[in-house]
Amino acid sequence: MVESGSESLVVTAGLDECFSMVTDFENYHEWAHDVKQATVLTRDSSGRPISVEFRASALGRSTHYTLDYDYAQAPNKLSWHMSDGDIMRSIVGSYAFEPAGSGTRITYDLAVELVIPLPGFVKRRAEMRILSTLKELKTRIES
């Protein structure tokens, strides 16, 4: 079963700065609590990361997964999907950016399907942890 969530907030930074922060994958470990390491595997002809392997903590264990990124709507949106993973069957997500006064509204959408089913209370805790990534991003951008 696919579990999904969405969160939106406004940061006091421009759209380009926000987009630059979310595409700086190799430094995610500095602000995204659960990301332990991110390694860019491939880049496009413009030098943008296309395939990124992550090592993260999830559900009390270490997990590995590879996300493939789509820049078709850049810098207004960055989308991704999982191409390889160990405890997830699929991950599909996006960051959307739109001007909001003197800042930028960031909307984070994520859908995850795990290999094994989880009890409801564990799913809710995991969803809250995943969506807190947006708050961590806001803290990083505004620091």
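Read-outs: derived from the displayed coordinates by stated rules, not from any lab. Note that the structure is a prediction, hence the values are computed from the model and not measured. Neighbour counts run over all protein chains shown; Cβ positions are idealised from the backbone, glycine included.
Give me THR63, THR139, THR104 ranked fewest to most by other Cβ atoms within 10 Å of their Cβ, as a rough exposure proxy.
On the way: THR63 16, THR139 11, THR104 21.
Ranked by crowding around the Cβ, least crowded first: THR139, THR63, THR104.
Given a Förster distance of 30 angstrom, what is the FRET efficiency for THR66 paired with GLU142, based on the Cβ-Cβ distance and rounded to 0.05? Could the numbers behind the result be given before it?
Values: r = 30 Å, r/R0 = 0.99.
Efficiency for this residue pair is about 0.50.
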Given 0.36 nm per residue, what is the gain on full extension from LYS36 to GLU3 after removing their alpha carbon distance, in nm? 9.6 nm
For the pair ARG48 and THR12, what calculated FRET efficiency results from E = 1/(1 + (r/R0)^6), where r is the Cβ-Cβ distance and R0 = 35 Å, to the nearest 0.05? 0.90
For Cα extents along the principal axes in Å, the choices are (i) 56, 31, 23; (ii) 47, 34, 26; (iii) 42, 34, 25; which was calculated from the structure? (iii)
When LYS138, LYS36 are ordered from fewest to most other Cβ atoms inside 10 Å of their Cβ, what list results? LYS36, LYS138
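So what is the calculated 222 nm ellipticity per residue for the chain, using -39500 (n - 2.57) for each DSSP H run with n of 4 or more, over all residues, to the nearest 500 deg cm²/dmol?
Values: 2 runs with 31 residues, N = 143.
Taken over the chain, the calculation gives -7000 deg cm²/dmol.
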